[in-house]
Number of protein chains: 2
Amino acid sequence: MFKKAKQAALQAAMLSLETRNRALLMVANAIEGNSQKIFKANHKDLLAAEKKVDDAVFQRLKLDENKMRAMVAGIRDVAKLADPINHKLFVRQLDEDLTLFKISCPIGVLGVIFEARPDVIAQISALAIKSANAVILKGGRESKNTNETVLEIINTALEKLDQFPPNFLQQVFSREDAAKMLGSKELDLIIPRGGKELVEFVQNNTKTPVLGHADGICHIFADASADFEMLKNIVIDSKTQYPAACNSVETLLLHKDFAAAPELLESLRNAGIKLVEKPKSWSFEYGGKTLAYRVVDGLDAAIEHINTYGSGHTDCIVTNDAPNAEVFMDKVDSAGVFTNVSTRFSDGFRYGFGAEVGISTGKIHARGPVGLDGLTIYKYKLIGAGQIVKDYADGIKKFHHKEMK
Amino acid sequence: MFKKAKQAALQAAMLSLETRNRALLMVANAIEGNSQKIFKANHKDLLAAEKKVDDAVFQRLKLDENKMRAMVAGIRDVAKLADPINHKLFVRQLDEDLTLFKISCPIGVLGVIFEARPDVIAQISALAIKSANAVILKGGRESKNTNETVLEIINTALEKLDQFPPNFLQQVFSREDAAKMLGSKELDLIIPRGGKELVEFVQNNTKTPVLGHADGICHIFADASADFEMLKNIVIDSKTQYPAACNSVETLLLHKDFAAAPELLESLRNAGIKLVEKPKSWSFEYGGKTLAYRVVDGLDAAIEHINTYGSGHTDCIVTNDAPNAEVFMDKVDSAGVFTNVSTRFSDGFRYGFGAEVGISTGKIHARGPVGLDGLTIYKYKLIGAGQIVKDYADGIKKFHHKEMK
């Protein structure tokens with residue numbers, strides 16, 4: 001199965017943009033046309049899951065008309081995005097008739113491990129088709145019927161396109177197969193989408209690169225000059241607009257000279273936020289409406305707190321002092337550093353990436369929300385006319401390194 | 001020590017290009033001015049190593065006037081290269097007064113593990129200073145005196161620049177400290193430079209991302225239409241110009257219709273190459289003048305052989321058939337795919353990167369020869385005017401995603 005995926009990836013890398021976009025539209029149509037079949041499979045999963053899983057899991061598992069419409073629209077949106085592969089990142093003439101091309105290309109085979117969210121299959125499949133990366137999917141067992149049905153519909157649609165390689169999108173269900181994914185040499189990148197436990201389990205049990213994040217410990221620093229109303233709105237939005245999201249704020253840092261701190265805390269309480277002054281840990285992700293807060297001596301102390309306890313996800317300063325904002329954004333070592341704006345904006349769709357495979361807090365390859373660009377790497381193509389290195393080593397010839405683009 | 005390195009990295013990220021370039025020139029001058037001191041330390045290492053190490057190791061350990069000149073010139077060259085950090089990779093207005101900047105920045109703390117080659121310290125230090133990445137170095141124990149002396153001279157020069165953070169370049173010597181490097185959470189990237197055993201040991205013993213390559217199994221495919229003289233020269237250069245290099249060729253694949261195969265093999269033998277028709281393994285790196293060869297049915301068979309047995313380093317087709325060259329370069333899944341040119345060109349200096357920290361056969365982050373660009377990542381800076389996500393989720397406001405650059 002892994003070897004087949006690799007074969008499919010190598011073939012898919014040759015597909016034209018037109019073919020890949022056509023495939024996306026065919027997949028969107030097929031899902032739309034078979035929505036009743038998908039709802040039926042989902043209903044089966046829901047019946048089996050009822051009373052066994054908590055409400056949040058049940059809600060994520062459940063497909064409704066809205067989610068279905070969003071799924072189909074999402075696939076069509078990906079078809080509209082620019083091609084992430086076959087870009088000439090540079091063209092450099094090393095010498096006469098010796099030209100180096102740096103060309104973006106797919107990574108190869110992705111392993112995506114996710115919890116019981118059937119809409120994720122369509123989203124990942126769309127990004128995979130567009131970026132020509134083969135995928136092995138492993139979804140939560142509660143959504144097995146839905147996942148099987150959705151992927152079968154997608155693959156039946158792809159089969160109609162002669163050029164599309166078989167085994168481009170495959171799926172496993174058992175824990176044993178998931179363990180094999182983690183050990184496979186054919187996988188180039190593993191993307192776990194889910195809670196901290198899932199991500200950490202994957203990180204600790206594979207030698208393959210992992211893209212994602214275990215924690216979202218986001219901060220807002222209220223500088224002395226922060227505008228009261230703006231600060232209040234930003235903190236409330238960052239905490240309450242979707243408290244379970246990874247880009248929700250967990251800690252509010254208050255400059256000791258921010259005068260309106262008591263009124264601010266009062267307003268936050270009124271908005272339903274539970275404030276904690278002495279949390280057991282400054283690195284805890286509440287996931288609910290709890291917010292830790294701390295009074296700090298100033299900008300440097302805030303930056304140090306964030307770089308010490310944060311998770312490198314998204315951190316914000318609210319200030320009227322432009323130089324302070326600049327220092328904050330330079331010194332805070334996070335994927336997203338924001339000024340005067342809710343931490344909840346840290347998201348592929350809001351950034352204009354169209355869709356995302358996840359948000360990375362790593363500092364290698366891709367960081368922050370990861371869209372199509374994060375699913376590419378590059379290769380160097382060198383075209384010569386028989387040149388040998390000996391001539392350059394002996395000084396008979398010299399490189400001239402002329403940029404052509 | 002790791003925490004100090006992280007502090008230094010955060011501070012170094014704020015240094016201007018001018019300061020970093022001034023630091024490089026001061027370091028170059030200091031090494032030049034203290035060359036006798038360095039030779040003395042190196043002499044001590046050479047005395048201790050004599051008769052204990054083989055000749056290749058001894059030659060790498062030995063610093064002479066030529067290597068010293070190259071070291072100093074290399075540092076000055078890095079000062080001339082373009083700044084790899086603080087680039088605006090894009091600027092996108094998400095909405096009025098809400099602008100997203102994607103800015104290149106240093107990775108953080110690098111761990112570089114290398115064998116007894118004292119010139120590597122200067123090269124890595126120069127790349128680290130330019131890219132504002134702090135480094136912890138671990139060199140081969142045979143070069144301890146030289147390494148200590150060189151780094152002391154570099155750090156004394158850096159101390160004269162007030163702005164330069166202390167502990168930016170640190171060094172460890174013992175195996176225990178190296179083991180701590182592999183387990184440190186403060187290290188963002190580990191770069192092993194050395195033989196297959198060293199690289200594989202590092203890969204198997206750390207959770208930190210590793211950049212490098214264990215194998216260099218490079219191929220040349222002689223297409224049916226290959227020009228005899230060109231092919232002969234390219235194979236001889238790729239195998240003999242520096243047989244121990246990772247970009248030397250290990251396997252020659254001959255199209256069954258390449259008519260002059262017997263004459264070619266004869267020429268290769270005359271050039272001192274030992275030919276092997278039935279090697280024990282097609283994935284063996286000889287490191288010497290041995291070359292495996294195989295007759296294949298055609299282009300597809302050659303590509304399949306390479307994608308099966310190769311290491312994704314550098315592979316070349318020699319052909320007069322342009323469409324075949326194109327298919328080869330698209331389908332071979334290697335960092336370097338060459339047409340009509342020696343595999344030995346796969347190198348940071350020859351590619352025009354000025355210097356390299358190594359060559360990556362991974363497909364994440366950086367691939368092929370890795371120069372300054374491979375030592376950077378990016379952060380997203382978002383500057384707003386109090387925007388909250390609720391307004392966009394509720395449909396009161398809409399993103400317009402306008403590219404500004």
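The values are calculated or read from the model by the stated rules, or taken from the named source; none is laboratory data. Because the structure is a prediction, the values reported are computed rather than measured. Every residue, glycine among them, receives a Cβ derived from its backbone with ideal geometry; neighbour counts consider all protein chains shown.
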(message) Among the residues of the stretch A:79-119, what is the count of those that are basic (Lys, Arg) and within 25 Å of A:Lys6 (Cβ to Cβ)?
(response) 1
(message) Can you list residue pairs whose Cβ atoms sit under 7 Å apart, with the first residue in the stretch B:68-93 being on the phi > 0 side of the Ramachandran plot and touching a residue at least 12 places away in the same chain (Cβ under 8 Å) and the second being surrounded by 15 or more Cβ atoms within 10 Å (Cβ to Cβ) and not β-branched (Val, Ile, Thr)? Count only pairs 6 or more apart in sequence or on different chains.
(response) B:Asn86/B:Ser104
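To keep it simple, each residue is scored yes or no on (1) among the small types (Gly, Ala, Ser); (2) closer than 23 Å to A:Leu382 by Cβ; (3) outside the structural domain of B:Gly362 (by TED's automatic domain parsing); (4) not in a strand (DSSP E or B).
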| site | (1), (2), (3), (4) |
| --- | --- |
| B:Ala245 | yes, yes, yes, yes |
| B:Ser267 | yes, no, yes, yes |
| B:Gly272 | yes, no, yes, yes |
| B:Lys280 | no, no, yes, yes |
| B:Gly288 | yes, no, yes, yes |
| B:Arg294 | no, no, yes, no |
| B:Thr308 | no, yes, yes, yes |
(message) Quick check on the stretch B:209-243: of everything there that is assigned to a loop (DSSP other than H, G, I, E, B) and more than 30 Å from B:Gly111 (Cβ to Cβ), which residue is nearest to the other protein chains (Cβ to nearest Cβ)?
(response) B:Gln241
(message) Go through the stretch B:187-208 and report how many residues are part of a loop (DSSP other than H, G, I, E, B) and either within 11 Å of chain A (Cβ to nearest Cβ) or of a type in the set (A, V, I, L, M, F, W, C) (or both).
(response) 6
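Does A:Pro166 meet the test of being assigned by TED's automatic domain parsing to the domain that holds A:Asp55, within 30 Å of A:Glu403 (Cα to Cα) and touching an Asp or Glu at 6+ places or on another chain (Cβ under 8 Å)?
Details: assigned by TED's automatic domain parsing to the domain that holds A:Asp55: yes; within 30 Å of A:Glu403 (Cα to Cα): no; touching an Asp or Glu at 6+ places or on another chain (Cβ under 8 Å): yes.
The answer is no for A:Pro166.
Can you pull out every residue in the stretch B:177-190 that is of a type in the set (A, V, I, L, M) and at pLDDT 95 or above? Even if it seems obvious, please write down each step before you answer.
Start the filter on the stretch B:177-190 by keeping residues that are of a type in the set (A, V, I, L, M), which leaves B:178-179, B:181-182, B:187, B:189-190.
B:Met181, B:Leu182, B:Leu187, B:Leu189, B:Ile190 - these are the residues of the stretch B:177-190 that are of a type in the set (A, V, I, L, M) and at pLDDT 95 or above.
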(message) Go through (1) outside the structural domain of B:Thr240 (by TED's automatic domain parsing); (2) over 30 Å from B:Ala82 (Cβ atoms); (3) surrounded by fewer than 22 Cβ atoms within 10 Å (Cβ to Cβ) for B:Lys331 and report which single condition fails.
(response) (1)
(request) Kindly indicate the residue of the stretch B:230-286 that is farther than 17 Å from B:Ile317 by Cα and of a type in the set (Val, Ile, Thr) and also surrounded by the fewest Cβ atoms within 10 Å (Cβ to Cβ) among those meeting that condition. (result) B:Val276
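Name the residues in the stretch A:174-228 that are of a type in the set (A, V, I, L, M), surrounded by fewer than 16 Cβ atoms within 10 Å (Cβ to Cβ) and either closer than 29 Å to A:His305 by Cβ or touching a residue at least 40 places away in the same chain (Cβ under 8 Å) (or both), would you? Reasoning before the result, please.
Just the residues of the stretch A:174-228 that are of a type in the set (A, V, I, L, M), to begin with: A:178-179, A:181-182, A:187, A:189-191, A:198-199, A:202, A:210-211, A:214, A:217, A:220, A:222, A:224, A:226.
Still in the running and surrounded by fewer than 16 Cβ atoms within 10 Å (Cβ to Cβ): A:179.
Listed by number, the list is empty, since nothing qualifies.
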(message) Quick check on the stretch B:291-310: of everything there that is crowded, with 16+ Cβ neighbours inside 10 Å and among the β-branched types (Val, Ile, Thr), which residue is farthest from the chain's Cα centre (by Cα)?
(response) B:Val296
(message) I'm checking my understanding of the structure. Among residues of the stretch B:311-352 that are touching a Leu at 6+ places or on another chain (Cβ under 6 Å) and more than 7 Å from every other protein chain (Cβ to nearest Cβ), which one is nearest to B:Gln241 (Cα to Cα)?
(response) B:Val318
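Just to verify a result, which residue in the stretch A:360-405, among those that are in a strand (DSSP E or B) and of a type in the set (S, T, N, Q), is nearest to the other protein chains (Cβ to nearest Cβ)? Lay out the reasoning, then the answer.
First, pick out the residues of the stretch A:360-405 that are in a strand (DSSP E or B): A:360, A:368-370, A:376-387, A:402-403.
Keeping just the survivors that are of a type in the set (S, T, N, Q) gives A:360, A:376, A:387.
Values: A:Ser360: 10, A:Thr376: 10, A:Gln387: 5 Å.
Looking at residues that are in a strand (DSSP E or B) and of a type in the set (S, T, N, Q), I get A:Gln387.
Which of the residues spanning the stretch B:79-121 are more than 27 Å from B:Leu137 (Cα to Cα) and touching a Gly at 6+ places or on another chain (Cβ under 7 Å)? Outline the logic, then answer.
We begin by selecting, within the stretch B:79-121, every residue more than 27 Å from B:Leu137 (Cα to Cα); these are B:87-103.
B:Arg92, B:Leu94, B:Asp97, B:Leu98, listed by residue number.
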